[in-house]
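S.K.: There's a structure below that I have some questions on.
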Amino acid sequence: MTVFRELSQHILDIYENGAKAGASLVFINIVEDFEQDRLSIAIRDNGSGMDEAMLRRVTDPWVTTRTTRKVGLGIPFLKQTAEMCGGDFEIRSELGQGTVTVATFQHSHIDRPPLGDLMGTVVCMVVGYPNVDLVYRHTVGDREFTLDTRELHEILGPGVPLSDPEVLGFLHAMLEEGLRELKGEPLPAS
């Protein structure tokens with residue numbers, strides 16, 4: 001059984017759920033608010049969505065649509081973790097309209113898992129699902145970083161995949177710089 005030790009793994013799991021449900025666009029919004037001592041992760045996709053019956057059961061670990069295992073661990077564990085860490089969990093979905101998943105946590109809670117490798121997670125999403133556009137917005141206090149793959153596609157033009165080694169190098173550098181600035185860390189001297 002796999003237990004997610006970082007929140008980035010939950011983010012990737014939900015992103016993959018949306019991609020497998022036919023999403024062409026996924027929004028990920030992470031807000032770290034130290035004044036309110038809150039961490040919020042909201043993921044919205046335009047995939048096929050879920051009917052009411054599935055939506056009622058999606059937080060049950062014994063329910064999954066996967067054929068490779070008999071339990072669904074991602075959403076139930078994220079819900080449990082959020083609630084254990086002084087937060088909340090909400091999932092909304094409508095057939096043909098997509099799904100919205102929101103998990104909030106007490107930012108300083110001793111049991112809150114770390115966000116983890118967000119840079120690696122974003123690169124994995126972009127490369128692993130080339131037909132899904134991603135808008136990743138991360139706010140820490142008054143600092144904000146946004147990556148929108150639709151803008152990258154527009155700049156690169158048709159036929160240049162984001163998985164191209166040069167593009168990946170640029171993407172990696174852009175993410176590294178953006179995440180360092182969010183944390184208030186100095187950029188390495190070049």
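Values quoted throughout were computed directly from the atomic coordinates according to the rules given, and no laboratory measurement underlies them. If you're wondering where the values come from, they're calculated on a predicted model, not measured in any experiment. Neighbour counts are summed over all protein chains in view; Cβ atoms, including those assigned to glycine, are modelled from backbone coordinates with ideal geometry.
S.K.: Of 141, 106, 171, which is farthest towards the positive pole of the chain's charge dipole, taken about the Cα centre with +1 and -1 on the beta-carbons of Lys, Arg and Asp, Glu respectively?
M.R.: Checked the options; the winner is 106.
S.K.: Kindly provide the helix-only [θ] at 222 nm of the chain, computed as the sum of -39,500 (n - 2.57) over DSSP H runs of four or more divided by all residues, to the nearest 500 deg cm²/dmol?
M.R.: That comes out to -11000 deg cm²/dmol.
S.K.: For the chain, give the share of DSSP beta bridges that are antiparallel, in percent and rounded to the nearest 5; count only bridges with both residues there.
M.R.: 80 percent
S.K.: Quick one: Karplus J couplings for segment 5-16, per residue in order, coefficients 6.51, -1.76, 1.60, θ = phi - 60°, nearest Hz, x for Gly and Pro?
M.R.: In residue order, the calculated couplings are 9, 10, 5, 4, 5, 5, 4, 4, 4, 5, 4, 4 Hz.
S.K.: Place a +1 charge on the Cβ of each Lys and Arg in segment 81-135 and a -1 charge on the Cβ of each Asp and Glu, then give the dipole magnitude about the Cα centre in debye, rounded to the nearest 20.
M.R.: Approximately 80 debye in magnitude.
S.K.: Further, regarding this structure: Rounded to the nearest 20 debye, what is the charge dipole size of the chain about its Cα centre when +1 sits on each Lys and Arg Cβ and -1 on each Asp and Glu Cβ?
M.R.: It comes to approximately 780 debye.
S.K.: Fully extended, how many nm does the chain gain between residue 56 and residue 176 (0.36 nm per residue separation, minus their Cα-Cα distance)?
M.R.: 39.4 nm
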